[in-house]
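So the structure is just underneath, and the comments pick up after that.
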Amino acid sequence: MRPLEIGLASAVAVAVLSAAVNHARTSSSNAALAASRIELDRLSTENAALRSRLASLEKEAAELRGAVGELADLKGRVAELEGALRRSPAAEPKTAPPDVALVTRPVREEKAEPMEADTFSVRWTGLVSPRFSEVYTFYTESDDGVRLWVNGQLLIDNWTDHAPQEDSGTIELAAGKKYEIKMEMYENGGGAVARLFWESPSQTKEIVPQECLFPPAPETGNGLRGEYFDDMEFGERKVVRRDATIDFDWGEGSPTDGMAPDEGDNEDEEDDEEEEEEDAPAAPAAAPDEKPEPEFE
Ligand SMILES: [Ca+2]
Ligand SMILES: [Ca+2]
C-alpha cells in the first residue's frame, strides 16, 4: 500500500472509532437519562403522597384546636354555673345542715325529758262508741288508783294505793252513739298497771278496741288522748300522746320508757310530737305546758 492510502485508511479508522465511541457515549447518556426520569417520577409520586398526608394532618390539627377551644368554653360555662349556684339562696341548705343539727339537737333532748317510774299520773280522754244498744259493764285493772267516767257518770272510783286490782261499773249505751269517756290513774310506787275492758250481753269481755275509741275534737282518727303527768295530782304534764287502747303494764319502769309513736290520724300539734318520738323512740318528747285542757273535766 502506498503511504497516502495508509494515511487515509488510518483517518477513516480513527473516524469510525470516534463515531463508535460517541455512539457508545450517547447510548450511555440515554440510559442514565431514562433512569433519572424514572427516579423523578418516583419522587414526584412520593411528594404528592407526602403533600396529601400533610394536608390530612393539618386538617386533624385544626379539628383538635377547635375541640380544645370548645372544652375551654365548657369549662368557663361550668365555672359560671357553679358561681351562680353558690350565690343562689336555694344552695344555702347545702352548707347549713351541720349548723341546723347543732341547733335542733339540744332542743329535742331538752323536750324529751323522761318521766319518773313512780309517783306519776295519767289521764285518758275522748269518746267511746258501742256496737250494741245494751247495758255495758266497764272493767278497769289498775295499780295504783283509778277512776272512770262514761257519759259524765263516774262508774269506777278506786283512788287508793293497791296491787293490780279489777273494778267495774255499768251503764246503758246506744249502738253507734259516741259518749265522752275519761279514765284517770296514778302510780305511787312499785309496779304500775292500767287497763280498760268492756263487755255486754252481746260481746265477751275484751280490751275496749281502738276502732271504738276516738280522741277529743278536733283530733281525728281512733284511740284516746293520753296525758302523762310527773306527779300523782295531774300537775306537771310531761307527755301528750295518742294511745290506741288502754292496755298497759309498765312494771316498775317509767310509762314513757320505750313509748311507741302515736297511732291514728293526728292533725294538730301532736303530729310534731309523733315525729320527734320517731326520731328518738327511747326518749319521747314532753308536751308543751300551754296545751288546752280537755273540754269535759
Ligand atoms: Ca312504779
Ligand atoms: Ca304501784
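The values are calculated or read from the model by the stated rules, or taken from the named source; none is laboratory data. It should be emphasised that the depicted structure is a prediction, and the values quoted were computed from it without experimental measurement. Here the Cβ positions follow ideal geometry from the backbone for every residue, glycine too, while neighbour counts run over all protein chains shown.
Some notes on this structure:
- Within the stretch 117-160, the set of residues being of a type in the set (Gly, Ala, Ser) and within 16 Å of ligand 2 (Cβ to nearest atom) comprises Ala117, Ser121, Ser142, Gly145.
- Within the stretch 147-261, strands (runs of 3 or more DSSP E) holding 1 or more residues that are more than 16 Å from ligand 1 (Cβ to nearest atom) and either free of Cβ contacts under 8 Å to residues at least 12 places away in the same chain or not charged (D, E, K, R) (or both): 153-158, 165-173, 179-187, 192-200, 203-207, 224-229, 237-243
- Considering Gly190, Gly223, Gly145, the condition of being touching a helix residue (DSSP H, G or I) at 6+ places or on another chain (Cβ under 9 Å) and either at pLDDT 95 or above or surrounded by 13 or more Cβ atoms within 10 Å (Cβ to Cβ) (or both) is satisfied by Gly223 alone.
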